[in-house]
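First up is the structure itself, then whatever we jot down about it.
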């Protein structure tokens, strides 16, 4: 009887690519399964999320744990991320020297919005924060943090990224979102179209609880780094800090001004 191996999610686009190391990709995909909401996962759950056989998961988790990227949890057969994962990200964050220069302006804007202000860039079909500043008013309210990700399709920062792309790049990205995140596209596709139309008039994208109920967000594309990565700035605030009709008129000018300052710094 033949054994049917399921292709792990996200690998189909690399079918036939002889340079693509599937074994390495599978191991890295395990690391991406962990979230702040679920920091501890059983091997059975990892198998379900990756589509890999349980024996393969067992070998991979053993190896990743031996290298410090996973840490066995108290419950047998459960793992959490290890400190070695954090060490991987530090060289990247440290290479963004502009973060120190633009931080004072971001901190001032965070105080003004009574929330958080972040810079993000694209990671596949998500946006990931590379810098975040929070006001003291939100110190106990988790809005943003470095490394946090948001789907491009459902977030203001993701839609601002789309708006900041060149036409051909934008078309390719929209097609990718339709194919790779079909559920999100069905839910937010029409909103993306409306948001891009509004962006042409306002220069920013806005979300009133689209991503998280009770959270208002404004976002604007800043510009491209030396490596051509598109950087996006957003401001996020809990809805209880101001009424929806006050959000854009009072904060959009400040966000756009902060984006211009950052653009000058990285340019």
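The values are calculated or read from the model by the stated rules, or taken from the named source; none is laboratory data. The shown structure was predicted, so the numbers you read here are calculated from the model rather than taken from an experiment. Positions of Cβ are generated from backbone atoms using ideal geometry, with glycine treated the same way; all protein chains shown enter the neighbour counts.
Suppose the filter is out of contact with any helix residue (DSSP H, G or I) (no Cβ under 6 Å at 6 or more places or on another chain) and on the phi > 0 side of the Ramachandran plot; does residue 214 pass it? In short, no. Annotation note: Cβ proximity below 7 Å between a residue of the range 1-28 that is more than 20 Å from residue 47 (Cα to Cα) and a residue that is at pLDDT below 80 (sequence gap 6+ or interchain) occurs for 20/14.
How many residues does the range 166-197 hold that are surrounded by 17 or more Cβ atoms within 10 Å (Cβ to Cβ) and not in a helix (DSSP H, G or I)? Of the residues in that region, 1 qualify. In this structure, is residue 163 at pLDDT 95 or above, touching a helix residue (DSSP H, G or I) at 6+ places or on another chain (Cβ under 6 Å) and either surrounded by fewer than 18 Cβ atoms within 10 Å (Cβ to Cβ) or assigned by TED's automatic domain parsing to the domain that holds residue 254 (or both)? Considered against the rule, which asks whether it is at pLDDT 95 or above, touching a helix residue (DSSP H, G or I) at 6+ places or on another chain (Cβ under 6 Å) and either surrounded by fewer than 18 Cβ atoms within 10 Å (Cβ to Cβ) or assigned by TED's automatic domain parsing to the domain that holds residue 254 (or both), residue 163 comes out as yes.
The condition of being surrounded by 11 or more Cβ atoms within 10 Å (Cβ to Cβ) and touching a residue at least 40 places away in the same chain (Cβ under 8 Å) holds for only one of 46, 41, 31, that being 31. Restricting attention to the range 93-129, the residues being touching a residue at least 40 places away in the same chain (Cβ under 8 Å) and assigned to a strand (DSSP E or B) number 8. May I ask you to verify whether residue 253 is exposed (fewer than 12 other Cβ atoms within 10 Å of the Cβ), modelled with pLDDT of 95 or more and under 23 Å from residue 98 (Cα atoms)? Spelling it out, residue 253 is indeed exposed (fewer than 12 other Cβ atoms within 10 Å of the Cβ), modelled with pLDDT of 95 or more and under 23 Å from residue 98 (Cα atoms).
All conditions in (1) touching a strand residue (DSSP E or B) at 6+ places or on another chain (Cβ under 8 Å); (2) surrounded by 12 or more Cβ atoms within 10 Å (Cβ to Cβ); (3) over 18 Å from residue 255 (Cβ atoms) hold for residue 75, with the sole exception of (2). Candidates 79, 90, 62: the one that is part of a helix (DSSP H, G or I) and modelled with pLDDT of 95 or more is 62.
Residues checked against (1) touching a residue at least 60 places away in the same chain (Cβ under 8 Å); (2) closer than 24 Å to residue 248 by Cα:
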| position | (1), (2) |
| --- | --- |
| 157 | yes, yes |
| 166 | no, no |
| 175 | no, no |
| 180 | yes, no |
| 186 | no, no |
| 191 | no, yes |
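Residue selection: residue 38 fails the criterion of being assigned to a loop (DSSP other than H, G, I, E, B), farther than 30 Å from residue 235 by Cβ and at pLDDT 90 or above.
Answer yes or no as to whether residue 231 is closer than 18 Å to residue 102 by Cα and touching a residue at least 24 places away in the same chain (Cβ under 8 Å). Break it down stepwise before answering.
Working: closer than 18 Å to residue 102 by Cα: yes; touching a residue at least 24 places away in the same chain (Cβ under 8 Å): yes.
Criteria met by residue 231.
Would you say residue 207 is more than 21 Å from residue 224 (Cα to Cα) and in contact with a helix residue (DSSP H, G or I) (Cβ under 6 Å, 6 or more places away or on another chain)? Considered against the rule, which asks whether it is more than 21 Å from residue 224 (Cα to Cα) and in contact with a helix residue (DSSP H, G or I) (Cβ under 6 Å, 6 or more places away or on another chain), residue 207 comes out as yes. For first residues located in the range 56-76 and outside the structural domain of residue 29 (by TED's automatic domain parsing), partners that are part of a strand (DSSP E or B) and modelled with pLDDT under 95 and lie 6+ apart or on another chain with Cβ distances below 9 Å do not occur.
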